[in-house]
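Below: one structure, written as structure tokens.
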Amino acid sequence: MSAKMYRSQKRIVAGVCGGLAQHLGIKVGLVRAILIGTSFFFGAGLIFYAWLWLLVPMAGEVAGADAPVVELDGNPRLKLFRPAVGAPVAERPNAGRQKPPVGFKEILIGGILFAAAFILFGRQMGWNLQLGTLVPLSIIVLGAVLAWMQLDNTRRIGLLSAAKADTPMALLRLGGGIALVIAGVIVIVAGSGSWTLVWASIVASLAVLAGVALVLAPWALKFWREFQCERAGRIRETERAEIAAHLHDSVLQTLALIQKNAQSPSDVTRLARAQERELREWIYQDAEHNSGALVERVKAVCAEVEDLYGQAVEVVAVGDAELTERGNALVQAVREAVLNGARHGGTTVSVYVEAAEKGVDVFVKDRGAGFDLTGVPPDRLGVRESVVGRMQRNGGTAEIISSAEGTEVRLHLPSETSANEEAK
Amino acid sequence: MTVPATPIRVVIVDDHAIFRSGLKADLAADVDVQAEAATVEEAIAAVHAVQPDVVLLDVHLPGGRGQGGREVIAGCTALLPGTKFLALSVSDSAEDVVSVIRAGARGYVTKTISGSEISAAIRRVAGGDAVFSPRLAGFVLDAFGTAEVAVEDELDKLSARELEVMRLIARGYSYKEVAKALFISIKTVETHVSAVLRKLQLSSRHELTRWAVDRRLL
């Protein structure tokens, strides 16, 4: 007994009985007898047989590299919709089996059984069946079965899934198409005695065409999906090539430089940090929410200072603003503050930019020893002129709070409109 | 933040063996690494086997359905109240950070932080508090907006105090410094941060949803 049902390879028609027997753990002969026996009751056994034939995969099913495949769980899926990462692709059991060609015997048995069941079914219901309708009907059914068997099983299941035949609506659609074809042919065949009814022929042809279109839709869909799959593959390939080129230009070069400068820890840190920043920029460029001018400039000057001193500068930005002339002055003030922090702080400098409607606030914090603001000699222009003076000239404010735990420079630049309102 | 008497039991989940061993060597003495894992499946198995206090979880992991850390948390929901997740990543993109927080992580730190800092973060998470890096605080401010203020316990807005706390953290303040600057206790800061974390995880705020959709988080 096996948990998963597969159609048997040792088969007379399609291996359904064998598979079912193995699945249920009973004898093949018994299953066959039951199925044949029940076939005489409204063809139930036959319908059940056909249903299992369609839905149960063949034991040792194997798919081509780009063909739709049957997953381990028995769900037919196209390759495109399988999870790309970490999927246990190589675990399909019994791979590598070749499907033997469909024999004439099987078709014959299937066709005859089908016809016999139908006739029996009709007799049971007491219909007055005419062989004139029955024969073409069975020929059509035989033809459909033949065509269906031309496809290997993976294709069949792929088609069923491509036509979304696993939903009732789609099954109805598929069945409707086939019924239309059959009805059309019957009308033509049965109407051979009354050719005068031209409209009947027209209706019939239309019905046939509509049916053919419905039947062919899965094929078209399947080819479209395969095309999409291939295109996605090509795009992935191009992307990979682009990434490889970029990594070569940047990361590999930096790694080479680091190896050369291995004896100088500060150089190594600086190179690694610069490369990290560049790589981050490249990776997250699309996701970057605030790619506006001001924040970008602040990040650029921080990167510059980082390169200069080999000191990490962490920028956190919320919102963004246009880069005006006053904004430029703010950026310059930020640069000076960050420089100061990196020079004297000696640890990571945190920069927080918050741009809102009212204005832009920037906070530059380091964890250095701090300094006494009043103790700064008047000739030292750094802080007093470049930060405080610059901010005041542009209508902003600057505050410097320094303690033993570090220094924080707080810059505020009101937006143009709120600056005008506040002008006293 | 008090140092617990018993060591904190930790599982490290990261696909780089070098990083795992480096982190192990860096961690403080009261942090006891019980298991390591390199893939989603290994991580879920290890967390269930060990039932640690804290899981140090890399955001990007091989295996599973390709969802990395999020999937590990989803696979361990049964243990969630007892086992806390601290996300750890080199990535500081909004997608990675916010998605793993919304999946249930109690905090987020970047891999560049020092051993003592990460040990402190582990203790904090083990104690039931949230760990916010400046960048995560920045994302929160970005997502919730800095203008509107919640009147009551609204899920989709931050209260005035929470905004202040987030701002200070984004500016690089430690919890202690935040407490000092706002004249409140560290415990109160932790309460505020936990409240923000809860809002970030539960809020269905329109802007937050849109913000997340923009970044393909939902």
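The values are calculated or read from the model by the stated rules, or taken from the named source; none is laboratory data. All of these numbers come straight from a predicted model, not from anything done at the bench. Note that we place each Cβ from the backbone using ideal geometry, even for glycine, and neighbour counts take in every protein chain shown.
In this structure, A:GLY45 does satisfy being modelled with pLDDT of 70 or more and at negative phi.
Going residue by residue through segment A:221-232, is there one that turns out to be more than 30 Å from A:LEU172 (Cα to Cα), of a type in the set (Gly, Ala, Ser) and at pLDDT 80 or above? Yes, that holds for at least one residue. Evaluate the following for A:ALA272: is it within 14 Å of chain B (Cβ to nearest Cβ) and modelled with pLDDT of 80 or more? Against the criterion (within 14 Å of chain B (Cβ to nearest Cβ) and modelled with pLDDT of 80 or more), A:ALA272 qualifies.
Restricting attention to segment B:34-86, the residues that are part of a helix (DSSP H, G or I) and either within 14 Å of chain A (Cβ to nearest Cβ) or in contact (Cβ under 8 Å) with a residue 40 or more places away in the chain (or both) total 11. Against the condition closer than 30 Å to A:GLU278 by Cβ and crowded, with 18+ Cβ neighbours inside 10 Å, how does B:LEU27 come out, does it pass? No.
Kindly evaluate A:GLU278 against the criterion of being of a type in the set (Asp, Glu) and at pLDDT 80 or above. It is true that A:GLU278 is of a type in the set (Asp, Glu) and at pLDDT 80 or above. Residues that are polar (S, T, N, Q) and surrounded by fewer than 17 Cβ atoms within 10 Å (Cβ to Cβ) within segment B:35-53 comprise just one, B:GLN51. Looking only at segment A:322-347, filter to residues that are within 14 Å of chain B (Cβ to nearest Cβ) and crowded, with 18+ Cβ neighbours inside 10 Å; which one of those is modelled with the lowest pLDDT? Filtering first and then ranking leaves A:GLY345. Of everything in segment B:109-142 that's at the interface with chain A (Cβ under 10 Å from one of its Cβ atoms) and aliphatic (A, V, I, L, M), which residue is surrounded by the fewest Cβ atoms within 10 Å (Cβ to Cβ)? Among residues in segment B:109-142 that are at the interface with chain A (Cβ under 10 Å from one of its Cβ atoms) and aliphatic (A, V, I, L, M), the one surrounded by the fewest Cβ atoms within 10 Å (Cβ to Cβ) is B:ILE113. In segment A:351-362, the residues that are more than 9 Å from chain B (Cβ to nearest Cβ) reach residues that are of a type in the set (D, E, K, R) and not in a strand (DSSP E or B) with C-beta atoms within less than 6 angstrom, at least six apart or across chains, in these pairs: A:ALA355/A:ASP320. Got at least one residue in segment A:382-403 being at pLDDT below 75, out of contact with any Lys or Arg (no Cβ under 9 Å at 6 or more places or on another chain) and within 14 Å of chain B (Cβ to nearest Cβ)? Scanning segment A:382-403 turns up no residue that is at pLDDT below 75, out of contact with any Lys or Arg (no Cβ under 9 Å at 6 or more places or on another chain) and within 14 Å of chain B (Cβ to nearest Cβ). All told, B:GLY127 falls short of being in contact with a helix residue (DSSP H, G or I) (Cβ under 7 Å, 6 or more places away or on another chain) and more than 28 Å from A:GLU276 (Cβ to Cβ).
If only residues of segment B:160-191 that are outside any helix (DSSP H, G or I) and surrounded by fewer than 17 Cβ atoms within 10 Å (Cβ to Cβ) are counted, the one that is nearest to the chain's Cα centre (by Cα) is B:SER174.
The number of residues in segment A:293-321 that are within 13 Å of chain B (Cβ to nearest Cβ) and either on the phi > 0 side of the Ramachandran plot or among the hydroxyl-bearing types (Ser, Thr, Tyr) (or both) comes to 1.
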